[in-house]
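The values are calculated or read from the model by the stated rules, or taken from the named source; none is laboratory data. This one's a predicted model, so the numbers in the text were calculated from it and none came from an experiment. Because the Cβ atoms are built from the backbone with ideal geometry, glycine has one as well, and the counts that use them run over all protein chains shown. Note: accessible area is taken over every heavy atom of the protein model, side chains too, but ligands, DNA and RNA are not part of it. Shrake-Rupley method; radii C 1.70, N 1.55, O 1.52, S 1.80 Å.
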Amino acid sequence: MKLFYNIKYFNSVLHTKFIFILTLALSCTVWTGCARNTTPISRTDFYFDTVIQITLYDTDDESVLDGCFSLAEKYENLFSATKDGSDVWNINHGNGKNVTVSEETAALLLTAADYANTTEGVIDPTIRPVSSLWNFGSDSEPHVPEDAAIQEALSHVSYENIRFGTASSDESGGSVCHTVTLTDPEAAVDLGFIAKGYIADKMKEYLLSQGVKSACISLGGNVLAIGEKPDGSPFRIGIQEPFAESGKSLGTVEIRDTSVVTSGIYERCFYENDVLFHHVLDTATGYPVENELAGVTIICPSSVKADALSTACLCLGLEKGRQFLDEEKDVAYLLVTRDGTQYRSVNFP
């Protein structure tokens, strides 16, 4: 059975989203004791349908923060499923024709399709026809769609409908363009389950290129730490307790130079006739996934990998999810069931 959690991002109906919100317990507070006597600089804004915060600990150069938020704007203009004129928007409105996209859009969509293939459709970037029916993440009230509409949308969900191509823009072959085609004109893609992880990794690359060695990137449920605090202490990240009031933490994890991504079912949800409906969708039925899990936290150096794995595990359920994650190297995990039981990998901090 193919499952999908359309996570976290861009007004998509989630992606993971919705998410265990990973609160920066101490990592983004003002630090005053570093050897360089540098006070951290931080900035907060709204992108990808979530609040993002970047905190730099070893520089007071505001232009570096400017560069981070320029990247945020750039990637929203490429990956947003709801922003008119973005690469993803253009793909989804291509009517089955070749659509020229940026190299990064093609690469991320290919990565998303690879994860869909590896997980046999547990995560699938073509969930958009179904997720858009539910109105999660939009200004409208979410509701249970008509079953006939869900079944029709499901017929267009398959990552095998995505085709990739490249072509030289001139006879010399000096300039290459990338194309994406949806062989089903009614198909549509959403990169919500993987995009924020990719963006966090790209922001890290940028910050390292600027000489930053101590920073914390928070993109909603995605947190990525660069190095450690200037005094040598780790960053401490709080994990939101599922279904509890915002800010109530299960506990904190201490990390250095790695990412923490949490996906859950309790943020973007609603009740109809006393039944909980959440944004984590099963692509076999078009309805929310039903299993024991309420949230999944992944710790992994690659934020894009953590993003995809948290989504896949949340959809697989407790036992299959644990087996899936145990096969992955450099991954630690915390799984929390709906009744509050916790399952940790042996290497979870």
Count - residues of region 106-136 that are under 19 Å from W89 (Cα atoms) and of a type in the set (D, E, K, R): 2
Filter region 255-290 for residues that are open to solvent by 30 Å² or more (accessible area, probe 1.4 Å) and at pLDDT 95 or above; the one that is farthest from I194 (Cα to Cα) is R256
Selection from region 75-121 of residues among the small types (G, A, S), open to solvent by 40 Å² or more (accessible area, probe 1.4 Å) and farther than 21 Å from S302 by Cα yields G85
Just give me the residues in region 81-135 being under 24 Å from Y287 (Cβ atoms) and acidic (D, E), in sequence order. E120, D124
Selection count, region 238-274, where residues are in a strand (DSSP E or B) and touching a Lys or Arg at 6+ places or on another chain (Cβ under 6 Å): 3
Could you list, in sequence order, all residues of region 300-342 that are open to solvent by 50 Å² or more (accessible area, probe 1.4 Å) and closer than 26 Å to T283 by Cα? E319, K320, R322, Q323, D326, E327, E328, R338, D339
Suppose we filter S214, S302 for residues that are under 27 Å from R128 (Cβ atoms) and not charged (D, E, K, R); which single one remains? S302
The helices (runs of 4 or more DSSP H) lying entirely within region 125-237 that contain at least 1 residues which are modelled with pLDDT of 95 or more and surrounded by fewer than 22 Cβ atoms within 10 Å (Cβ to Cβ) are 147-154, 195-209
